[in-house]
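Remarks on the structure that follows.
Just so you know, all these numbers are worked out from the coordinates, no wet-lab data involved. Bear in mind the structure is a predicted one, so any value in this text is a computation, not a measurement. Here the Cβ positions follow ideal geometry from the backbone for every residue, glycine too, while neighbour counts run over all protein chains shown.
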Amino acid sequence: MSVAYRLPLALAAALLVAIAPDSASAQASFAACTGGNAGGFACNGVDLMAQMPLGTFSTTGSPAPGAANDIWGWTDPTNNREYAIVGLSNGTAFVDITDPEAPVFLGKLPTATTSSTWRDIKVFADHAFIVSEANDHGMQVFDLTRLRGLSGPPQTFTADARYTGNGRAHNIAINEDTGFAYIVGATESGYACRGGGLHMVNIQNPAAPVFAGCFDTDGYTHDTQCVLYQGPDQDYVGREICFSSNEDTVTITDVTNKSAPVQIARVQYDNPSYMHQGWLTEDARFFVGDDELDSSSNGTRTLIFDVEDLDNAGFAYAHLGAVATRDHNQYVRGNYVYQSNYDGGLRILDLTAIASGSLSEVAFFDSEPSAQSPQGWNGQWSNFPYYASGLVVASDQNRGLFILNPTGIVTAGQAGPIPATGFALSAPAPNPTGSESRLTLTVADAQHVRAEAFDALGRRVAVVHDGTVTAGAATQMVFEASTLPAGPYVLRVTGETFVTTTRLTVAR
């Protein structure tokens with residue numbers, strides 16, 4: 001996820017100069033955030049577990065990269081080991097972070113064609129799917145189970161498959177509930193979907209991706225999130241919906257029928273410069289976005305879109321960040337949004353009062369300590385906050401991989417304080433699971449609660465809980481998965497005062 005490929009060449013050139021690597025930096029070890037500092041990096045409530053500089057990511061078959069870019073993560077469902085998947089200018093690195101103070105660089109998958117500043121990664125069914133702005137790159141597929149018990153790291157890997165239905169592309173999104181990938185920003189001539197919109201690929205068999213359709217009606221898509229919709233708009237429950245950042249709008253599309261996708265809404269907002277990326281709140285009530293190019297004059301703006309009624313979605317308000325830096329990528333987990341804001345580093349905002357028009361920063365870690373500039377392109381590119389351990393990995397263009405531990409942030413297995421919504425539900429853990437997954441619910445008022453699990457086709461497969469929940473007490477719910485087929489599931493929790501959903505995966 002990055003600056004769009006079609007930005008002016010002068011701006012792209014400036015970016016390349018700005019991210020000259022700091023590959024000689026020594027690897028940093030554990031440093032608690034004390035007095036606003038962790039190992040020389042400004043922080044608040046986030047400990048530094050380890051840092052791996054760019055020079056780390058060299059193998060016999062592939063030299064150290066010139067820069068880092070995107071990042072994603074994977075948890076092995078057989079042993080719950082956690083891995084970071086780090087995008088680099090010349091390939092993709094795989095790092096075992098199970099012991100976050102002693103991460104292990106396992107190896108690297110070189111780029112499919114040439115090096116590029118832009119690379120993007122997502123995971124489905126224990127496979128990594130990788131695209132790049134490198135010409136004729138297509139989509140690499142890598143079987144992550146090859147990392148189990150790896151001997152003699154670091155290795156130089158080869159891809160297990162390569163989809164060549166697209167050339168260069170800017171980003172990739174995956175709907176893990178349906179097994180479809182959405183390649184976006186693909187404009188290279190000679191390929192399908194050259195308008196840069198949604199290039200849809202069936203990856204239910206990861207080793208054999210199959211082209212599924214295009215949606216180019218609204219032009220270039222910079223990034224997207226596609227979900228099996230379980231939000232408040234009953235007209236679309238069970239439909240596959242994409243929320244796309246389309247340069248000057250958020251464009252909402254029904255892609256249930258890949259051969260005939262339907263644009264639902266095209267949402268504009270105040271003073272657009274470049275609608276870059278965004279993510280739904282977990283109840284799908286709001287879409288939290290950012291405009292990458294408005295920071296030079298307005299500071300870091302987080303854009304909140306009201307998507308309660310998809311047909312009539314609209315811009316709600318903008319939140320101005322604590323520091324004026326250029327914004328980039330963000331992801332929602334629970335009641336928090338984890339933002340990677342270039343010179344501003346990782347910023348964690350509390351979404352509890354989002355419906356009331358208020359966000360608040362609760363923690364940060366600045367991986368770029370030399371500057372905080374609204375014009376700057378240095379620093380942090382992206383982050384991945386979805387590990388059951390609560391760790392967050394972040395990629396810094398100049399300084400490589402950071403493994404971080406936000407202290408005081410509620411993560412998997414802990415429901416935590418009850419927010420203004422009247423309930424708190426933890427993320428399922430472990431997730432993915434092959435046997436069972438546990439969640440904790442806390443409610444402000446005693447009430448009857450029913451929790452049901454649904455498969456990807458919307459069929460109810462289990463009742464996880466059905467009974468009264470005591471106010472203020474932590475109620476544990478167990479999702480028993482040992483007899484269920486592998487695949488994605490949605491858990492819907494319905495109380496008398498709330499409805500919420502969460503997603504988990506059964507792996508075999």
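Counting neighbouring Cβ atoms within 10 Å and putting the fewest first, the residues LYS258, LYS122, LYS108 line up as LYS258, LYS122, LYS108. Summary value for the range 423-506: 34 percent relative contact order, contacts being C-alpha pairs under 8 angstrom separated by 6+ residues.
Label sites at SER151 and VAL104, each approximated as a point 7 angstrom past Cα along Cα to Cβ, lie 1.3 nm apart. Among residues other than ARG146 with Cβ under 14 Å from its Cβ, the summed charge is -2 (Lys and Arg +1, Asp and Glu -1).
The residue among ILE174, PHE41, LEU280 whose Cα reaches farthest toward the positive pole of the charge dipole of the chain, with charges on the beta-carbon of Lys, Arg, Asp and Glu, is ILE174. By the beta-carbon count within 10 Å of each Cβ, the least crowded to most crowded order of TYR163, TYR182, TYR317, fewest first, is TYR317, TYR163, TYR182. Taking amide H atoms as placed 1.01 Å from N in the peptide plane, the amide H of ARG81 lies under 5 Å from those of ASP76, each 5 or more residues away in sequence or on another chain.
Among the GluC sites (Glu not before Pro) found in the range 445-499, those both in a DSSP coil and sparsely packed, with 15 or fewer other Cβ atoms within 10 Å of their Cβ, are GLU496. Here the residues CYS33, CYS242, ranked from fewest to most Cβ neighbours within 10 Å of their Cβ, fall in the order CYS33, CYS242.
Around ALA371, under 12 Å between beta carbons, what's the net of Lys plus Arg minus Asp minus Glu among the other residues? Cβ neighbours under 12 Å give a net charge of -2. Could you tell me which of rounded, prolate or oblate describes the range 251-378, using a ≥ b ≥ c as the square roots of the eigenvalues of the alpha-carbon gyration tensor, with rounded for a/c under 1.5 and, failing that, prolate when a/b is larger than b/c and oblate otherwise? It is prolate, given that a/c is not under 1.5 and a/b is the larger ratio.
Per residue, the average separation of C-alpha pairs within less than 8 Å and at least 6 apart gives the chain a relative contact order of 12 percent.
A simple charge model with +1 on the Cβ of Lys and Arg, -1 on the Cβ of Asp and Glu and nothing else charged puts the dipole of the chain at about 1000 debye relative to its Cα centre. Placing +1 on the Cβ of every Lys and Arg and -1 on the Cβ of every Asp and Glu, with nothing else charged, gives the range 58-157 a dipole about its Cα centre of roughly 180 debye. Kirkwood analysis of the Cα pair distances in the chain returns a hydrodynamic radius of 22.7 Å. Along the axis of the charge dipole computed for the range 185-278 (Cβ charges of +1 for Lys and Arg, -1 for Asp and Glu, origin at the Cα centre), the listed residues VAL201, VAL237, CYS226 are led at the positive end by VAL201. Annotation: average projected area of the range 423-506 is 4.7 square nanometres, based on the convex hull of Cα atoms across all directions.
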